[in-house]
1. Quick one: of the DSSP bridges fully inside segment 207-352, what percent are antiparallel, nearest 5?
2. Assuming R0 = 22 Å, can you tell me the calculated FRET efficiency for the pair Ser691 and Lys595, based on Cβ-Cβ distance, to the nearest 0.05?
3. Pairs to check: Lys213/Lys252; Lys663/Lys692; Lys595/Lys627; Lys294/Lys454. Give those whose C-alpha atoms are more than 21 Å from each other in this structure.
4. Could you list which residues have their amide H under 5 Å from that of Ala650, counting only those 5 or more apart in sequence or on another chain, with H placed in the peptide plane?
5. Label points 7 Å out from Cα along the Cβ direction at Ala606 and Ile13: separation in nm?
6. With each label point set 7 Å from Cα along the Cα-Cβ vector, what nm distance links Lys725 and Lys48?
7. Amide H to amide H under 5 Å from Ser691: which residues, 5+ apart in sequence or cross-chain, H placed 1.01 Å off N in plane?
8. Just subtract the alpha-carbon distance of Val620 and Trp336 from 0.36 nm times their residue separation and send over the number in nm, one decimal.
Amino acid sequence: MIAIDTEKENKEIAQQYKELLRISYQTLSTADKKLIRTAFDTAVDAHKNQRRKTGEAYIFHPIAVAKIVAEQIGLDATSIAAALLHDVVEDTDYTLEDLERLVGSTVARIVHGLTKISHLKKDKDVSLQAENFRKMLLTLHDDVRVIIIKIADRLHNMTTLDGLAEYKQVKIASETLYIYAPLAHRIGLYNVKTTLEDLGFKYTEPEQYERIKSNIEEDKAFQDAYIESFTTLVHDALDKELSKYEIKGRSKSIFSIHKKMLKQNVPFEQIFDKFAIRIIYDATPAEEKFIAWKIYSILTDHFVPNPTRLRDWITAPKSTGYEALHITVMGPEQKWVEVQIRSERMHEIAERGYAAHYKYKQGEQKEIGIETWLDRLQEVLESNNTDAVDFVQDFKLNLYSKEIFVFTPAGELKSLPKGATALDFAFHVHTEVGIKTRGARVNNKLVPLSYQLKSGDHVDIITSESVKPTANWIDFVITSRARSKIKSSLNEEKKRIAAEGKESLRRKLKHLKVTMDDKCLRYMVRYFKVNATQDLFYKVGVGTLTNKDIKTFAGDYTNTILTFFKKRIRNFQKRTGQVKDAKYLPNYDKLVFGKEKETLAYSLAACCNPIPGDPVFGFVSVGDGIKVHQKECPNAIALNANYAYRIIDARWVDSSAQDYSAKLILTGIDNLGLVNEVTQLISNTMHVNISKISFEAEGGVFEGRISVRVKNKSILEKLVIHLKKLHGIEKVVRD
C-alpha cells in the first residue's frame with residue numbers, strides 16, 4: 001500500500017485553491033470569493049475520506065472541474081461554487097438542504113441538476129442512455145450552467161481515462177464524441193469542443209490518432225516556418241494602417257484533420273489547410289465591422305483571395321453567437337491559407353462562448369443566439385414524442401450542422417442548418433405555417449417542398465387551411481423541430497382516422513349481430529395480429545381491413561366451438577409448416593432503407609439479433625454488405641460516433657398499411673373545367689394523394705396521366721368508379 005503524505009497533499013490542495021482564484025476569467029468581488037471559499041471548504045470536508053482509483057484525493061477532481069469552469073469557460077462565482085460541489089450530494093452525506101443553507105438556492109439548484117444527470121448515466125442500456133440524454137437536455141433550458149459544468153466534468157474525466165479498462169474508455173469516449181462535443185460546439189465552447197474531440201478520437205481510434213499526431217509533429221517545423229514567413233508579410237502590410245493588433249498561427253486539431261481525410265478521401269500529406277492564421281484587432285463596437293473589412297481589403301491587395309471561401313459571420317453571426325470574417329488567400333509558395341479576422345470581443349466570444357456574451361451584453365442589445373436556440377430546443381424537447389434514440393440522433397445532426405442564411409418576404413434574415421429545405425423553413429417560421437404549407441416560392445419561383453435552400457435565398461411559403469402533413473414530409477426535412485412537428489401531426493391524423501374507423505367498425509359489427517365490447521376487441525386484436533385496438537381501428541379507417549375480413553371474423557367469433565378447433569388445426573399446420581397464412585404473419589414484415597424506402601439486400605447483425613418490429617438502422621460494413629442492428633444495440637453509440645457516414649436509415653414496415661403508388665390514364669372529351677373536377681374528386685376521396693398529374697388535349701379529345709398514392713387496392717377501385725362517372729371521361733385504366 002502506498003504511503004500518503006497528508007501534509008504535502010494538504011499544501012497542494014491549498015495551492016490549487018489559490019490558483020483557482022487567480023485564473024478566474026471573471027473579476028471576483030469580495031462576496032464572490034467568500035462564496036467560493038465556503039463551497040471549497042464544504043467540498044474538502046465532504047470528500048475528505050474519498051480517493052480515486054489512482055490513490056489521489058478525490059477533491060482534486062472537483063477542483064480541476066472548477067478550474068476549467070473558471071478559466072477555460074469563464075463562468076461566474078456561482079458556477080465555480082457549483083463545480084466544486086457537483087459530486088457532493090451524489091457521493092457524500094451532504095443533502096441539497098445543507099447546500100442551500102451554506103451556499104444559497106441558486107448553487108443548490110445547479111448541483112441538483114448535475115446530480116440528476118449523474119444518477120441517470122449509470123443506466124447502461126442504450127435506449128435508456130438516449131432517454132437520459134433527452135432528460136439531461138431538458139435541464140439545459142432551466143439553467144444552461146448545469147450542462148456547461150457537466151461538459152467541464154466530462155472534459156476532466158476524459159483527461160483521466162488511462163486508468164480504466166479499454167471497453168470503458170471506448171464507451172465514455174464514444175459518448176463524448178456522440179453528444180458532449182457537439183453540445184460544446186453548439187454552446188460556443190469551441191476550444192473545449194476541440195479538446196473533447198481529440199481525446200474522444202484518441203480512445204476510439206488510437207492507431208489513427210497516433211499516426212496523425214506523429215505526422216503533425218513531423219510537419220511542425222515546416223509549418224512554423226511557413227506561418228512565420230506569411231505573418232511577416234502581413235505585418236508589413238498592416239503596420240501602416242493599424243496600431244494595435246496581433247497575429248496568431250493555429251494548427252487544426254487532430255480530429256478535424258481526420259475528418260478532412262475521410263471527407264476528401266486523401267492521405268495526411270494531401271491535406272493542405274492544416275493550420276489557420278488569426279488576426280485579432282482592438283476596436284470599439286462601432287468600429288469593429290469597418291476595421292474587419294479594412295483588414296480584408298489590405299490582405300486582398302497583397303494576396304489573391306479565393307472568392308468561394310469568403311465567410312462573413314460579422315454581418316450575420318452564427319446562431320451560437322460566433323462572429324468573424326474568414327477569408328482564404330494564396331500565400332507564399334502558392335499555398336492556400338485561411339485567415340480569420342476577429343476583434344478582441346469576437347475572439348473572447350469564440351474562445352469562451354456563453355460567458356463572454358454576458359460580459360459584453362449591454363442595455364437593449366439584441367438577444368444572443370444561444371438564448372434563441374434554447375427557446376427552440378425547449379419547444380422540441382417538450383413536444384417530442386418519438387423514440388428516444390431517434391430523437392437523440394435527430395438532435396445530434398442539428399448540433400454540428402453548418403448554417404445558411406435566408407430571407408423572409410419581409411426581408412428578415414433567418415439562420416437554418418445547411419441542407420435545410422423549404423419545408424424546414426416553413427416550420428422554422430412557425431409551427432402553424434409549417435403544418436399548413438401548400439407550396440413554396442424561392443426567389444419568386446415555385447419549388448418543391450424538398451428544395452434545398454442556399455444562403456441568400458428569398459423564401460415565401462404558400463399556405464392553405466385544407467392542407468395536412470403526409471408521411472413523405474418526413475423525408476423532406478432535416479431539422480429536429482420540423483420532424484417532431486410533422487410526426488406529432490401525423491399521430492393526430494392517425495388518431496382521427498382511428499376514431500372514424502372505430503365508429504365504422506361498431507356499425508359493421510352491429511349489422512353482423514356482434515356487440516363491440518372489450519371481450520370482442522381483445523379477440524379482434526389477437527385475430528388480426530395487431531398491437532392495440534388503436535391499430536385495429538386505423539386499419540378499418542383506411543380500408544385495410546375490408547368488410548369481407550370483418551364478416552369472416554364475425555363468423556368465427558359467434559361460433560366459439562368452431563373457432564376453438566380452427567385454432568387447434570391452424571397451430572398444428574403452422575408447427576408442421578403446412579400453411580403460411582399471411583393474416584398470422586407479424587405486422588412488420590418488410591424492411592426498407594433510406595429516404596427512398598428502398599428494398600435492399602441485408603443480413604441481421606449477430607450482436608443484437610433484431611427481429612421484425614424492432615427499431616433498427618443499417619450499417620454498411622466492409623465486405624459483408626448491409627448489417628442491420630437494433631437501435632438499442634450496445635454497439636449503436638460507437639457506430640454512430642465513429643462511422644456516421646456508413647449509417648443508413650432503416651425501418652420495418654407493415655406492408656398492409658403502406659401507401660402504394662398507382663398510375664391512371666384517363667381519356668375522353670375535353671370539357672371546360674374537367675381538370676378541376678378530376679383533382680377535386682381525388683382530393684375529396686379518403687386517403688388518396690396526387691403525386692403527379694398531366695393533361696394533354698388535341699382536337700377536342702384529351703389524355704390525362706395521374707400518379708396517386710393509396711392505402712390499398714379497394715380504395716383505388718372506388719376512385720376509378722367515381723372518375724368514370726364524371727361527364728366527359730370515357731375510359732380510366734391503370735398504367
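Read-outs throughout are calculated quantities, based only on the coordinates presented, and are distinct from any laboratory measurement. For clarity, every value in this text was computed on a predicted model and none was experimentally measured. Note: ideal-geometry Cβ built from the backbone for every residue, glycine included; neighbour counts use all protein chains shown.
1. Close to 75 percent.
2. Efficiency computed from Cβ-Cβ geometry: 0.90.
3. Lys294/Lys454
4. Gly594, Gly618
5. Here the answer is 5.2 nm between the modelled labels.
6. Spacing of the two 7 Å Cα→Cβ label points: 8.9 nm.
7. Amide H neighbours of Ser691: Ser707, Val708, Arg709.
8. Here the segment from Val620 to Trp336 would lengthen by 98.7 nm.
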